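Have a look at the structure below before the remarks.
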Amino acid sequence: MNILVLGSGGREHTFAYKIAQSELCDQLFVAPGNAGTDAIARNVAIAVTDFPAIKALVLKEHINMVVVGPEDPLVQGISDFFAQDNELKGIVVIGPSKEGAQLEGSKEYAKEFLFRHNIPTAAYQSFTATTVDDGKQFLETLKPPYVLKADGLAAGKGVLILQDIQEAKSELENMLTNKKFGAASEKVVIEEFLDGIELSVFVLTDGKNYVTLPTAKDYKRIGEGDTGLNTGGMGAISPVPFADKALMNKIEEQIIKPTVNGLAKENIDYKGFIFIGLIKVGDDPKVIEYNVRMGDPETEAVLPRVKTDLVKLFKHVGDQSLDTVDLEIDERSATTVMTVSGGYPEAYEKGKQISGIEEISDAIVFHAGTKIDNGTVVTNGGRVIAVTSFDEDFRQALKKSYQNIEKLHFEKMYYRKDIGFDL
Ligand code: AMP
Ligand code: GLY
């Protein structure tokens with residue numbers, strides 16, 4: 001079959017890498033892709049939210065399956081666009097309906113869903129510009145730190161965690177009255193702070209059945225020791241060493257099953273990934289967020305461990321028969337470390353020549369922000385290249401990732417040298 005992957009990051013290069021290995025895949029397209037996907041698929045310069053252009057490509061190239069990488073097209077309804085179009089409705093789209101994508105598109109929607117299905121999560125209330133004073137009063141009832149979340153998509157920047165009550169109140173005001181995060185913060189969720197260690201679980205569901213993919217932990221801050229600004233993610237480890245059987249059982253019974261069953265019960269069309277962000281508080285997992293896609297860079301550590309043919313899994317998602325597949329997982333640990341442009345996540349330059357990629361032998365190079373310029377690979381984004389390695393445990397795997405990263409060069413390249421430091 002012919003397959004289209006939407007997106008241009010390390011996550012999408014990883015999807016393309018797995019899909020290209022499948023015997024079920026004839027032709028592979030990535031839109032818009034990067035220099036990494038260009039080497040294994042055909043890149044097409046189409047934006048992930050340009051639905052008419054995507055439709056034209058799908059019809060022209062006889063594409064049978066579309067794998068949606070990022071959240072934006074999902075929240076904008078790409079799955080519904082396909083389902084409602086006579087020429088597109090037979091095509092398998094890996095990614096939920098617009099309604100399902102609200103689990104990521106609206107923090108309030110997600111909290112209401114969690115409470116409706118008795119899934120453990122932090123206590124919360126939500127507020128708008130007309131109820132900002134109630135919000136300030138609610139803050140008075142909480143203990144610091146205070147967690148304020150813009151309701152809508154804010155490119156990963158919409159969560160503020162503040163120690164000081166006065167600062168929390170003024171930031172609440174900034175978000176609601178001054179629209180600090182634009183339309184995304186017209187509504188704000190104020191949440192109880194959960195104190196514990198974070199992990200993520202990834203589920204692939206066909207709307208009825210599901211498979212649980214390997215766990216991962218990512219490192220979001222730019223600086224070592226988890227300091228400085230938030231980024232898209234600077235590295236990831238899979239599996240999470242503290243996610244033992246007892247914890248995974250709780251996650252499955254208290255979180256995954258009620259989530260999938262809740263979607264089905266509410267008739268929410270959901271064929272795709274659910275990325276569940278969790279905090280382990282004491283011995284108990286609690287949900288901090290849903291994402292309706294895979295994580296980046298978590299995908300670069302999680303998917304290489306999945307031995308089952310990814311296209312086969314996606315086909316089972318398409319015909320709602322995921323209950324008939326056995327998921328085969330590589331027992332080794334995988335780690336990925338992200339190189340970024342100097343200055344990221346603030347302003348940075350692009351177009352820097354990247355060298356050393358061919359010298360990497362016992363690790364996998366996943367391109368994120370790269371492109372081909374006059375035959376050479378150059379930087380084209382904040383996150384540039386992720387290096388994934390395998391070994392018996394995550395410390396050995398990390399050593400390999402770091403040894404290989406040293407072979408890479410571009411001007412002002414930066415990476416965190418302490419991925420996994422807290423484990
Ligand atoms: P989110 O976008 O909801 O994942 O939040 C971004 C980050 O803020 C998370 O990865 C957590 O580190 C942190 N966070 C979010 N909600 C909470 C909470 N209720 N308690 C503690 N930390 C939180
Ligand atoms: N690495 C976090 C995310 O993809 O949202």
Here's a check for you: in the range 251-262, which residue that is open to solvent by 60 Å² or more (accessible area, probe 1.4 Å) and of a type outside the set (Asp, Glu) is nearest to Gly207 (Cα to Cα)? Asn261
Counting just the residues of the range 173-189 that are touching a helix residue (DSSP H, G or I) at 6+ places or on another chain (Cβ under 6 Å) and open to solvent by less than 50 Å² (accessible area, probe 1.4 Å), which one comes out nearest to ligand 1 (Cβ to nearest atom)? Val189
Which residues, taken from the range 55-72, are within 22 Å of Gly272 (Cα to Cα) and either at pLDDT below 95 or not in a helix (DSSP H, G or I) (or both)? His62, Ile63, Asn64, Met65, Val66, Val67, Val68, Gly69, Pro70
Residue that is farthest from Leu278 (Cα to Cα), among those in the range 179-226 that are part of a loop (DSSP other than H, G, I, E, B) and touching a Gly at 6+ places or on another chain (Cβ under 6 Å): Phe181
Only one of (1) open to solvent by less than 70 Å² (accessible area, probe 1.4 Å); (2) within 16 Å of ligand 1 (Cβ to nearest atom) is not met by Met248, so which one is it? (2)
Would you check if Glu167 is away from ligand 1 (no atom under 11 Å from the Cβ), acidic (Asp, Glu), open to solvent by 80 Å² or more (accessible area, probe 1.4 Å) and on the phi < 0 side of the Ramachandran plot? yes
Considering only the range 304-338, state which residues are surrounded by fewer than 24 Cβ atoms within 10 Å (Cβ to Cβ) and under 20 Å from Ala35 (Cα atoms). Pro304
Complete set of residues in the range 122-160 that are within 30 Å of Pro70 (Cα to Cα), hydrophobic (A, V, I, L, M, F, W, C) and more than 16 Å from ligand 2 (Cβ to nearest atom): Ala122, Ala123, Phe127, Ala129, Val147, Leu148, Leu160
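Would you be able to tell me the number of residues in the range 223-245 that are away from ligand 1 (no atom under 12 Å from the Cβ) and more than 17 Å from the chain's Cα centre (by Cα)?
Number satisfying all stated conditions: 11.
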When you go through (1) under 23 Å from the mean Cα position of the chain (by Cα); (2) modelled with pLDDT of 95 or more; (3) within 16 Å of Glu300 (Cα to Cα); (4) buried (at least 19 other Cβ atoms within 10 Å of the Cβ) one by one for Asn404, which number turns out not to apply? (1)
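The values are calculated or read from the model by the stated rules, or taken from the named source; none is laboratory data. Because the structure is a prediction, the values reported are computed rather than measured. Note that we place each Cβ from the backbone using ideal geometry, even for glycine, and neighbour counts take in every protein chain shown. For the accessible areas, the whole protein counts, side chains as well, though only heavy atoms, and no ligand, DNA or RNA atoms are used. Shrake-Rupley method; radii C 1.70, N 1.55, O 1.52, S 1.80 Å.
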